[in-house]
């Protein structure tokens, strides 16, 4: 298995750990200096610096949706430059609203660990509306 394939496997494991709340595995996969970027205008938008801040963001996804937030992985694209793109579908329920939006995440990996993640939504308006 080459580095690009190993990086893709890290991302697959990350999605599985995220959806099951497996913090031990997420801690293994994310570098302590990892950063996370969420677009939009809502309270969840912005840049997070460090693994703990990134995990706090993940905790908000779960906490503010009563644990209903899911990112269903559909496809993984990999490159030789340390980037992996995860294409997934987000669903959740919150305050009588239903989230149903496609997303891709661009991950950067270094030495087999996630160092950066950037979310990109097909319908950013729907994402913002759900969290408002």
Give me the extension gain from residue 47 to residue 24: residue separation times 0.36 nm, minus the current Cα-Cα distance, reported in nm with one decimal.
6.0 nm
Using Cα-Cα distances under 8 Å and only pairs 6 or more residues apart, what relative contact order does the range 3-131 have, in percent?
27
Which percent of the Cα-Cα distances in the chain go past 27 Å?
13
Quick one: angle between helix 51-63 and the longest Cα principal axis of the chain, in degrees between 0 and 90, rounded to 10, please.
40
Mind telling me which of 46, 82, 14 comes out most flexible in a GNM of the chain, alpha-carbon contacts under 10 Å?
46
Residue span residue 2 to residue 87: 0.36 nm per residue of separation minus Cα-Cα distance leaves a gain in nm of 28.5 nm
Counting only DSSP beta bridges with both residues in the chain, what percent are antiparallel, rounded to the nearest 5?
90
Summing -39500 (n - 2.57) over the DSSP H runs of n ≥ 4 in the chain and dividing by its residue number, what mean residue ellipticity at 222 nm do you reach, to the nearest 500 deg cm²/dmol?
-10500 deg cm²/dmol
Sort the range 81-132 into rounded, prolate or oblate with this rule: let a ≥ b ≥ c be the square roots of the eigenvalues of the Cα gyration tensor; rounded if a/c is under 1.5, and if a/c is not under 1.5, prolate when a/b is larger than b/c, oblate otherwise.
prolate
Mean Cβ count within 10 Å, highest first, over the residues of peptides 101-108, 122-129:
101-108, 122-129
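Read-outs: derived from the displayed coordinates by stated rules, not from any lab. Everything quoted here is computed from the prediction, not taken from an experiment. Note that each Cβ is placed from the backbone with ideal geometry, even for glycine, and that neighbours are counted across all protein chains shown.
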